[in-house]
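Here's the structure we're looking at; comments come further down.
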Amino acid sequence: MFDLTPAELEALRLSVKVGLVSMLASLPVGFALAYLLARREFPGKSLVNGLILLPLVLPPVVTGLILLMLFGSQGPLGKFFAETFGVTFAFRWTGAALAAAVMGLPLMVRAMRLSIEAVDRRLEFASRTLGAKRWWTFVTITLPLSLPGIMAGAILSFAKSFGEFGATITFVSNIPGETQTLPIAIYSILQTPGGDGPAWRLALVSVAVSMVAIVGAEWVERRIRSKSA
Amino acid sequence: MSFDIDITARRGAFEIAATFRADPGITVLFGPSGAGTTSILDLIAGILTPARGRIAVDGQVLFDSAARINLPPERRRVGYIFQDARLFPHLSVRANLLYGYNLTPPETRYAELDHVVEVLGIGALLKRAPLSLSGGEQQRVAIGRAILASPRLLLMDEPLASLDEARKQEILPYIERLRDELKIPILYVTHLGSEVERLADVVVEIAAGRVTGQRQT
């Protein structure tokens, strides 16, 4: 219905891929961090919390710059990932996913943390007295009861990733078919004369995708809540 | 089967020092709210850790500070019925009942689902969600869930306190039947004389964390 050109379709496809990959990759990291922050006291806890939240308040261009410094081909972490896992980020879609994941992490961790904190620990004690080891209590009680927050966190992260612009363009630039996600494509089109018509079309596409994500998130959350409450 | 308890622990404002023995039948821990009775149950269940002392069942040690033994709650086989039923809200009544049962090795089980369901009269509730049950029904399911884990000792922390009078009268016969059917000690915390009179085989009086008296009824 939007009648997209192949280049625009490519940008949409790339945005969805970046959004999904960054969300899936941040799920385990985000949950581990959320669990740590919700349940454990350790030295430097507020520092860790601050570092996670930092991308939320920093200008995205600064986050992109820091990513470039750390994960660029000459950056310490960039070299480490290239040598150990054979994964490079600079000017590649993987870098766009990394930028999106970093930008989405604060939202994901916050949603998950709140929902882990809301799990009644007395239910976990009850489970232990019934013969469940710590990890089984985690799998059968803590995890399912914090599922609404995990889902909400995942969808927030996807939504953020899907629309990420500043950190992505700073870190991995604007390469059609590789790093040119939907918002960057819109920005590029606007730079050309007479571009606002096509730009609007793409803007409507991103509104549609975001709405589907948000409504879907609400629906999933309601379903889980009505099942457990 | 009998339980020997001899523990001390620091809990906020006062020290808990509890020494008593629980034999099969109902031993009531009788003391006002805030006397440390719930803490004593938590210490026995392994939710809290005593500073010093020893907890043993028929010679098997669950906790011994001198020998550095401290079994985690899941290895103590101590059933716990809380004041609020604490059913798992995301599981059906049936799944709640079988939660501990499935974690108990078959050779140590002495309780079976069909019998427990019949004794507690909860057959019609099996498919329901815990939060759709009345308080009395929830507490009956919680009792069944604890028993189906085949515990060696049953802790009951004011299990009737959050129920109205009619519900209490509904549950009391079940507790009496448990006492008569199960061959395990039941530690029952209450601050109500009426429950002591009706249920207790032995009364251990607790005040400010200490045992102040013990008598047969």
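Below are the figures for this structure:
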read-out: Residue list for region B:173-189, restricted to those being more than 25 Å from B:A56 (Cβ to Cβ) and surrounded by 14 or more Cβ atoms within 10 Å (Cβ to Cβ); value: B:Y174, B:I175
read-out: In region A:71-97, the residues that are open to solvent by 30 Å² or more (accessible area, probe 1.4 Å) and either closer than 30 Å to A:L114 by Cα or not in a helix (DSSP H, G or I) (or both); value: A:S73, A:Q74, A:F85, A:G86, A:V87, A:T88, A:F91, A:R92
read-out: Region A:13-62, residues that are open to solvent by 70 Å² or more (accessible area, probe 1.4 Å) and among the β-branched types (V, I, T); value: A:V29, A:V57, A:V61
read-out: All strands (runs of 3 or more DSSP E) inside region B:33-116 with 2 or more residues being in contact with a strand residue (DSSP E or B) (Cβ under 7 Å, 6 or more places away or on another chain) and away from every other protein chain (no Cβ under 13 Å); value: B:52-57, B:60-64
read-out: Residue count for region A:98-120, restricted to those that are open to solvent by 10 Å² or more (accessible area, probe 1.4 Å) and either part of a helix (DSSP H, G or I) or away from chain B (no Cβ under 14 Å) (or both); value: 11
read-out: Residue in region A:165-185 that is modelled with the highest pLDDT, counting only those that are of a type in the set (A, V, I, L, M) and open to solvent by 30 Å² or more (accessible area, probe 1.4 Å); value: A:I169
read-out: Selected residue [open to solvent by 40 Å² or more (accessible area, probe 1.4 Å) and within 14 Å of chain A (Cβ to nearest Cβ)] from B:L131, B:L148, B:L155; value: B:L131
read-out: Sole residue being away from chain B (no Cβ under 14 Å), touching a Pro at 6+ places or on another chain (Cβ under 6 Å) and on the phi < 0 side of the Ramachandran plot, chosen from A:A213, A:A167, A:A208; value: A:A167
read-out: Answer from B:R94, B:R11 - the residue that is at pLDDT below 95 and among the charged types (D, E, K, R); value: B:R11
read-out: Elements of type strands (runs of 3 or more DSSP E) contained in region B:141-217, each with 1 or more residues being over 15 Å from the mean Cα position of the chain (by Cα), of a type in the set (A, V, I, L, M, F, W, C) and over 16 Å from B:G25 (Cα atoms); value: B:202-207, B:210-216
read-out: Which listed residue, of A:L123, A:L156, A:L202, is away from every other protein chain (no Cβ under 14 Å), assigned to a helix (DSSP H, G or I) and open to solvent by 10 Å² or more (accessible area, probe 1.4 Å); value: A:L156
read-out: Boolean, B:R86 is out of contact with any Cys (no Cβ under 6 Å at 6 or more places or on another chain), among the charged types (D, E, K, R) and either farther than 27 Å from B:T190 by Cβ or open to solvent by less than 20 Å² (accessible area, probe 1.4 Å) (or both); value: no
read-out: Residue satisfying all of: in region A:126-153; open to solvent by less than 60 Å² (accessible area, probe 1.4 Å) and outside any helix (DSSP H, G or I); farthest from the other protein chains (Cβ to nearest Cβ) among these; value: A:S146
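Residue by residue, here is whether (1) small (G, A, S); (2) buried (at least 16 other Cβ atoms within 10 Å of the Cβ) holds:
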{"position": "B:T8", "(1), (2)": "no, yes"}
{"position": "B:I16", "(1), (2)": "no, yes"}
{"position": "B:D23", "(1), (2)": "no, no"}
{"position": "B:F30", "(1), (2)": "no, yes"}
{"position": "B:S33", "(1), (2)": "yes, no"}
{"position": "B:I40", "(1), (2)": "no, yes"}
{"position": "B:G46", "(1), (2)": "yes, yes"}
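The values are calculated or read from the model by the stated rules, or taken from the named source; none is laboratory data. As the structure is a prediction and not an experimental result, all values here were calculated from the model. For neighbour counting, all protein chains shown are included, and Cβ atoms are generated from backbone atoms with ideal geometry for every residue, glycine included. Surface accessibility is based on the protein's heavy atoms, side chains included, excluding ligands, DNA and RNA. Shrake-Rupley method; radii C 1.70, N 1.55, O 1.52, S 1.80 Å.
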